[in-house]
Amino acid sequence: MLLEALGELAKFNFGWFVDLATENLFMTFALLATFYIFLEGQNFIKGSIIIFITFFAFFDFETVLGIPFFTGKFFVIYYATKLGVLALAETNNFLKKRLLFINELQFYGAFVVSLLFFR
């Protein structure tokens, strides 16, 4: 989905993005509300764009690799490592400022661990 979105952006087809957002208004607003709570209202637009890019890349990985992410094994690894990584990052002032990117890197780390050890 990321590659499709980048293609539509390169064609300046902003109607595609509008259609994507308006096809399911509840999901759009639920995701934006979740992002707002997660980001504590700070840098909401920038943070939402980064999370949506990761979300779209998530679907491309799933399609290309043929590995479903919404399964029990991946979620166990993902949430167990998320607790440790974010707890560590929140205690360090340098890392706390970069919490959004650390969260995204943690996802990719959990993905690699899932592929290497639990496939």
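Structure summary
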quantity	calculated
Residue pairs meeting the criteria (Cβ under 9 Å; at least 6 apart or on separate chains; first of a type in the set (Phe, Trp, Tyr), in segment 21-36; second surrounded by 11 or more Cβ atoms within 10 Å (Cβ to Cβ))	Phe35/Phe44; Phe35/Gly47; Phe35/Ser48; Phe35/Ile51; Phe35/Phe52; Tyr36/Phe44; Tyr36/Gly47; Tyr36/Ser48
Listing of helices (runs of 4 or more DSSP H) fully contained in segment 33-119 that carry 3 or more residues being over 23 Å from Leu2 (Cβ atoms) and open to solvent by less than 50 Å² (accessible area, probe 1.4 Å)	72-91
Hits in segment 1-11 - residues which are open to solvent by 90 Å² or more (accessible area, probe 1.4 Å), in a helix (DSSP H, G or I) and charged (D, E, K, R)	Glu4
Residue check for Thr28: modelled with pLDDT of 85 or more, surrounded by 11 or more Cβ atoms within 10 Å (Cβ to Cβ) and of a type in the set (Ser, Thr, Tyr)	yes
Some residue of segment 12-23 being modelled with pLDDT under 85, among the aromatic types (Phe, Trp, Tyr) and either more than 18 Å from Phe59 (Cα to Cα) or assigned to a helix (DSSP H, G or I) (or both)	no
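The values are calculated or read from the model by the stated rules, or taken from the named source; none is laboratory data. Note that this is a predicted model, so its numbers are computed, not measured. For neighbour counting, all protein chains shown are included, and Cβ atoms are generated from backbone atoms with ideal geometry for every residue, glycine included. Remember, those area values only see protein heavy atoms, side chains included, never the ligands or the DNA or RNA. Shrake-Rupley method; radii C 1.70, N 1.55, O 1.52, S 1.80 Å.
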